Amino acid sequence: MTSHTNTSTPVNNRPVLQYLELFDPDALSEAVQSSSFEHVQLEHGCFHAQLKHIDLGSLKIDSGCYTRKVIARGEFPSDTVILGCVLDSREEGSINGYRFRQNDIVIFPDGAELDYIQPAATTWCAVQLPVNLLAEIGCTERTPNRIKVLPGNLHLAQLMGYFVNTQTSDFSASVTKPSQLHPFTDEDLLDQIKQVLDGYSSEDSITRRPSLHNRMTVIRQFERKVRERIDTVLRIPELCTELGVTNRVLEYLFKEEIGMTPKQYSNLLRLHAARQELVQRNAENLTIKQIAQCYGISHLGRFSAAYLRQFGELPSETLRR
């Protein structure tokens, strides 16, 4: 893992800050505070991520921006409700089967799973709300038991962006600050969150998942089957039979949602698996060719070329790092 970290400690009740720069999508699995997510880089080229964690005491805020389009999957911590939003983005993504745009607010119940297709250059923000804090402010009965989205809550998104932008000067997220001039406190943010939770069940909240959720279910099942047999070359028609969909339907789903064919995505998963092996390998004396073969890749020249195109460096360069 290649990273750069700046951390500050509390002084005169000021927030605890942690700022990281990462150059490997696999390193993100351990970087987001109190969570465990896997990231698959969907676009070619060198990857760069900026992450910030702000500990305000009663509230904790995570924010990040990645240079390449990724899929992020994982599970949020238990006993914690998450409010997330996109502060800045050039295009919409999707979260757990919902189309998700800038300034939308998503509420995750404790222990919820995340399945986020995040476009490149998207700045996201997430506030962690322990259930005991929600009890203190009288919101225990108002928190959802399933994921909900509130479209276009500009004020809360701006308030979250205010905390992301004002805590450190070296975090280059481009978001709009609230129009008010006075400094905000975590109590102001918590009060606005309480108002959102009080009204989350209104008609403006999205409570039914669109057909995209069904599409992502098929894609997740496809990915699971590829990972289960990552060391063998799989035939797409056989996987279609196991998934109960036609090859034409599977091709359509992947091109619409992921931007590539099922075959290209399965090859991408193998590249990521090989990269993880190269990054994490310790004293084992496996060659690059042997590592590639462990993941069903038989041609070393084509593997090196595909690896360079995807990650912006050769396998040998990853191994040296």
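The values are calculated or read from the model by the stated rules, or taken from the named source; none is laboratory data. Keep in mind the model is a prediction, meaning the values are calculated, not measured. Please note: Cβ atoms are built from the backbone with ideal geometry, for glycine as well, and neighbour counts cover all protein chains shown.
So the values come out like this:
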| quantity | calculated |
| --- | --- |
| Matching strands (runs of 3 or more DSSP E) fully within the stretch 108-164 where at least 1 residues are of a type in the set (D, E, K, R) | 113-118, 148-150 |
| Residue in the stretch 265-273 that is in contact with a Lys or Arg (Cβ under 7 Å, 6 or more places away or on another chain) and within 17 Å of F47 (Cβ to Cβ) present | yes |
| Extreme residue, farthest from G97 (Cα to Cα), among residues of the stretch 219-246 that are under 23 Å from the mean Cα position of the chain (by Cα) and without any contact (Cβ under 8 Å) to a residue 24 or more places away in the chain | E228 |
| Residue count, the stretch 276-315 (criterion: in contact with a Leu (Cβ under 8 Å, 6 or more places away or on another chain), touching a residue at least 40 places away in the same chain (Cβ under 8 Å) and β-branched (V, I, T)) | 0 |
| Given (1) farther than 23 Å from L51 by Cβ; (2) surrounded by fewer than 16 Cβ atoms within 10 Å (Cβ to Cβ); (3) in the same structural domain as L28 (by TED's automatic domain parsing); (4) modelled with pLDDT of 80 or more, index of the condition E141 fails | (4) |
| Check on G74, in a strand (DSSP E or B), among the small types (G, A, S), surrounded by fewer than 18 Cβ atoms within 10 Å (Cβ to Cβ) and modelled with pLDDT under 90 | yes |
| Any hit, the stretch 112-119, residues being buried (at least 20 other Cβ atoms within 10 Å of the Cβ), of a type in the set (S, T, Y) and either in contact with a His (Cβ under 7 Å, 6 or more places away or on another chain) or over 27 Å from E223 (Cα atoms) (or both) | no |
| Scope the stretch 49-68; condition touching a strand residue (DSSP E or B) at 6+ places or on another chain (Cβ under 7 Å), in a loop (DSSP other than H, G, I, E, B) and either outside the structural domain of T185 (by TED's automatic domain parsing) or closer than 30 Å to S304 by Cβ (or both); matching residues | R68 |
| Residue count for the stretch 230-247, restricted to those that are in contact with a Cys (Cβ under 9 Å, 6 or more places away or on another chain) and at pLDDT 90 or above | 2 |
| Contacts under 6 angstrom Cβ, first residue in the stretch 17-43 being part of a strand (DSSP E or B), partner modelled with pLDDT of 70 or more and β-branched (V, I, T), 6 or more apart | L17/I54; H39/V70; V40/I71; Q41/V70 |
| Answer from G84, G111, G93 - the residue that is outside the structural domain of R270 (by TED's automatic domain parsing) and at positive phi | G111 |
| Verdict on A72 being more than 27 Å from K194 (Cβ to Cβ) and touching a Cys at 6+ places or on another chain (Cβ under 8 Å) | no |
| Residue list for the stretch 77-102, restricted to those being part of a loop (DSSP other than H, G, I, E, B), without any contact (Cβ under 8 Å) to a residue 60 or more places away in the chain and not charged (D, E, K, R) | P77, S78, S89, Q102 |
| Out of S304, S298, sole residue that is touching a helix residue (DSSP H, G or I) at 6+ places or on another chain (Cβ under 9 Å) and under 21 Å from E43 (Cβ atoms) | S304 |
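So that you can scan it fast, the table gives a plain yes or no per residue for (1) among the basic types (K, R); (2) under 19 Å from I117 (Cα atoms):
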residue	(1), (2)
E223	no, yes
R229	yes, no
G244	no, no
E256	no, yes
N267	no, yes
Q280	no, no
I291	no, no
H299	no, no
A306	no, no
